[in-house]
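Read the structure below first, then the notes.
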Amino acid sequence: MLILERKFETDFAFNIWYKRKIMDIKDKLREKQLPVHVAIIMDGNGRWAKQKGNMRIFGHKNGVKAVREVVEAAGEIGIKYLTLYAFSTENWTRPKSEVDALMTLLVTTINTEVDELIKNNVRLKQIGDLKSLPDSVQKKLQEAILRTSHCKGLTLVLALSYSGRSEITNAVAQMVTDAKSGKIAAEDISESLVSSYLYTSEIPDPDLLIRTSGEYRISNFLLWQLAYSEMYFTGTLWPDFRKKDLFEAVLDYQQRERRFGKTGDQISS
Ligand code: FPP
């Protein structure tokens, strides 16, 4: 009983500290300088599970809690687009048991979360090779995308079976097809035309990219779109990532000077 009481007291104290901490960071955020689009490479699920002596899927399951938190947090401060790298084309080479478990987890997560997304005005989108996903995942995703299509708050983009290089390769192939059929001419080719051939044609480029787990690479994610994004790397493993971590990343982003090739003086004047 005494142990339980102590645990309750420490949990209670922690919750109060945590809520205060979140409020402190939120107070510091400047509404006018919020990133419009935040993209996240959610990394470290496997290591998180291993540290706890568990199977990798345990890490992915706990990663869903972090997904829930960041979606809520992003909506709360008014971020318009949140893209999560949930499964890369290269992830298909993982052991079949892990791939199958991840696909099942996706279906169950969409099932349990879609009503909550609608309630919170979140519109769901997917980027990547939809057709390579199992039928059950395709079906659930399409249903959820349709059911949330009227939502006008946060747009949550799931990168699933996604590869930046193949996205660009497919865009080039489609442009060549369209050029052959006379739909576009060589002189029409511009950066904005290329952008319009990508999965993200209706989504602005990310302002901020976050990668968890202490790895410093972009792993074939949004190669074209990240040209001028600010990068934020944290050692936190994805299942431990919480609201506070997202707000800290946004606060850090707000201290940056985005120059887009100009000089600092040009920007400040
Ligand atoms: C990377 O960690 C994570 C993944 C490949 C899967 C991410 C999936 C989730 C967070 C759960 C489902 C997501 C949604 C959107 C419902 P890793 O496995 O590479 O970890 P490691 O580098 O420690 O091995």
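The values are calculated or read from the model by the stated rules, or taken from the named source; none is laboratory data. These figures come from a predicted structure and were not determined experimentally. Because the Cβ atoms are built from the backbone with ideal geometry, glycine has one as well, and the counts that use them run over all protein chains shown. Areas reflect the complete protein model, heavy atoms only, side chains present, ligands, DNA and RNA absent. Shrake-Rupley method; radii C 1.70, N 1.55, O 1.52, S 1.80 Å.
For Tyr162, the test of being among the aromatic types (Phe, Trp, Tyr), modelled with pLDDT of 95 or more and within 25 Å of Met103 (Cα to Cα) is passed. Of the residues making up region 40-54, those that are more than 7 Å from the ligand (Cβ to nearest atom) and either of a type in the set (Lys, Arg) or open to solvent by less than 40 Å² (accessible area, probe 1.4 Å) (or both) number 5.
The residues of region 90-107 that are more than 9 Å from the ligand (Cβ to nearest atom) and either without any contact (Cβ under 8 Å) to a residue 60 or more places away in the chain or farther than 21 Å from Glu167 by Cβ (or both), listed by number, are Thr93, Pro95, Lys96, Ser97, Val99, Asp100, Ala101, Met103, Thr104, Val107.
In region 108-146, the residue that is farthest from the ligand (Cβ to nearest atom) out of those that are assigned to a strand (DSSP E or B) and open to solvent by 30 Å² or more (accessible area, probe 1.4 Å) is Arg123.
Please tell me if Lys180 is at negative phi, at pLDDT below 95 and open to solvent by 40 Å² or more (accessible area, probe 1.4 Å). No. When residues in region 74-97 are screened for being part of a helix (DSSP H, G or I) and surrounded by fewer than 22 Cβ atoms within 10 Å (Cβ to Cβ), 10 of them pass. Of Arg47, Arg6, all but one fail to be touching a residue at least 60 places away in the same chain (Cβ under 8 Å) and outside any loop (DSSP other than H, G, I, E, B); the exception is Arg47.
Of all the residues in region 200-224, those that are surrounded by 13 or more Cβ atoms within 10 Å (Cβ to Cβ), within 16 Å of the ligand (Cβ to nearest atom) and of a type in the set (Ser, Thr, Tyr) number 3.
Residue by residue, here is whether (1) free of Cβ contacts under 8 Å to residues at least 12 places away in the same chain; (2) within 24 Å of the chain's Cα centre (by Cα); (3) assigned to a loop (DSSP other than H, G, I, E, B); (4) farther than 25 Å from Ile25 by Cβ holds:
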| position | (1), (2), (3), (4) |
| --- | --- |
| Ser195 | no, yes, no, yes |
| Thr200 | no, yes, yes, yes |
| Pro206 | no, yes, yes, no |
| Ile218 | no, yes, yes, yes |
| Ala227 | no, yes, yes, yes |
| Arg258 | no, yes, yes, no |
| Lys262 | yes, no, yes, yes |
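Put simply, of Asp11, Asp43 the only residue that is over 18 Å from Leu154 (Cα atoms) and over 21 Å from the mean Cα position of the chain (by Cα) is Asp11. Evaluated against (1) open to solvent by less than 80 Å² (accessible area, probe 1.4 Å); (2) within 13 Å of the ligand (Cβ to nearest atom); (3) over 21 Å from Leu130 (Cβ atoms), Arg68 falls short on exactly one condition, (1). Looking at Ile57, is it in contact with a helix residue (DSSP H, G or I) (Cβ under 6 Å, 6 or more places away or on another chain), at negative phi, more than 9 Å from the ligand (Cβ to nearest atom) and outside any loop (DSSP other than H, G, I, E, B)? It is true that Ile57 is in contact with a helix residue (DSSP H, G or I) (Cβ under 6 Å, 6 or more places away or on another chain), at negative phi, more than 9 Å from the ligand (Cβ to nearest atom) and outside any loop (DSSP other than H, G, I, E, B).
Within this structure, Tyr18 passes the test of being in contact with a helix residue (DSSP H, G or I) (Cβ under 8 Å, 6 or more places away or on another chain), farther than 22 Å from Leu105 by Cβ, touching a residue at least 60 places away in the same chain (Cβ under 8 Å) and of a type in the set (Ser, Thr, Tyr). Taking the criterion of being charged (D, E, K, R) and surrounded by 11 or more Cβ atoms within 10 Å (Cβ to Cβ), the residues of region 233-267 that qualify are Asp240, Arg242, Lys243, Lys244, Asp245, Glu248, Asp252, Arg256, Arg258, Arg259. If you go through region 183-198 and keep only what is open to solvent by 90 Å² or more (accessible area, probe 1.4 Å) and among the acidic types (Asp, Glu), you end up with Glu187, Glu191.
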